[in-house]
Amino acid sequence: MEEIAHRRVEVNGIKMHIAEKGEGPVVLFLHGFPELWYSWRHQILALSSQGYHAVAPDLRGYGDTEAPASISSYTCFHIVGDLVALIDLLGVDQVFLVAHDWGAIIGWYLCMFRPERVKAYVCLSVPLLHRHPNVRTVDGMRAMYGDDYYVCRFQKPGEMEAQMAEVGTEYVLKNILTTRKPGPPIFPKGEYGTGFNPDMPNSLPSWLTEDDLAYYVSKFEKTGFTGPLNYYRNMNLNWELTAPWSGAKIQVPVKFITGELDMVYTSLNMKEYIHGGGFKQDVPNLEEVIVQKDVAHFNNQETAKEINNYIYEFIKKF
């Protein structure tokens, strides 16, 4: 890890921390919830050794990047604005985009708003969330899964932070990172409790060391979870703000990779959307869909070598 360089840069009115290595075409990596640049540690080393400039920011509100106080500072436009400014700062017209979880959602918005800045997109876990013309995103999720679906439970400012504080930062991170439970995460009433992962193991999986977990914990102990939770608190507002793009097609070439146990893949009618033609209709240049057997949500860490190869095999064509 000591080969990876770190710097803080000014983008879109905030200071952003980026990790980077290598020279060549830029590959921009966007992490998810509740993660950091560190989730891409394996990919940074692999792609930088293959002739690319790998760049992984801590997104707004995370890690060593600034976290504006107001909830409304975390809309899709703020976060995509940060990334466009970062691409400008890197001095390139286009990047290869690789993104996972919330990073993937932001990645779709980047492809939607500024397609000319993205050469190709390797998307992990979260396909395009097709915008329903009449139903706000969180409202639709609530109708499907009720008030204790995790996204619904994340909405009220301060509430989930307090419930997470009851069990502690380390417990929350271990609980989420080790989950292999398919289907929609439904929380116990009134507490974080077993959260995402009722079957939380005592020991960590082989792909997540004690040192890895400690790194995440050290950063979230410092920042708390408010910035990251604010992404969820803007889902309905993002729905309103993106009305002009309702029905818009994503024209960027895309490769999509998910684990068969992934909590997103196994809920919200995603399988039907991904395999039934809806996804391809919304993303005409969707070139490949890969479902990894016996792999869960954090596939970039769980099957790092495989993901490294999938990324390289796709982007080297362009």
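The values are calculated or read from the model by the stated rules, or taken from the named source; none is laboratory data. From a predicted model like this one, the values you see are computed outputs, not experimental measurements. In this analysis, Cβ positions are derived from the backbone assuming ideal geometry, glycine residues included, and neighbour counts consider all displayed protein chains. For accessibility, only protein heavy atoms count, side chains too; no ligands or nucleic acids. Shrake-Rupley method; radii C 1.70, N 1.55, O 1.52, S 1.80 Å.
The table below gives the values:
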| read-out | value |
| --- | --- |
| Per residue convex hull volume, Cα atoms of region 130-189, in Å³ | 106 |
| Cα-Cα over 29 Å, subset of Lys21/Lys219; Lys280/Lys316; Lys271/Lys305; Lys181/Lys280; Lys293/Lys316; Lys119/Lys156 | Lys119/Lys156 |
| Bins of 5 Å from zero: percent of alpha-carbon pairs in region 12-135 | 2, 11, 22, 26, 21, 11, 4, 2, 1, 0 |
| Surface share of carbon and sulfur [accessible, 1.4 angstrom probe, percent] for region 5-316 | 50 |
| Amide H contacts of Gln50 (H built 1.01 Å from N, under 5 Å, at least 5 apart or other chain) | none |
| Fraction in percent of alpha-carbon pairs per bin - 5 Å, region 77-160 | 3, 13, 19, 20, 16, 13, 9, 6, 1, 0 |
| Surface per residue (accessible, 1.4 Å probe) for the chain, Å² | 39 |
| Rg over Rh, two decimals, the chain (C-alpha only, Kirkwood Rh) | 0.92 |
| Debye intensity ratio I(q)/I(0), log10, region 58-104, q values 0.21 Å⁻¹ (C-alpha model) | -0.83 |
| Given charges at beta-carbon only (K, R positive; D, E negative), |dipole| of the chain in Debye | 700 |
| At q = 0.15 Å⁻¹, base-10 log of I(q)/I(0) for region 183-318 (Debye sum, equal scatterers on each alpha carbon) | -1.12 |
| Efficiency of FRET between Met1 and Lys280 - r from beta-carbon atoms, R0 25 angstrom, step 0.05 | 0.05 |
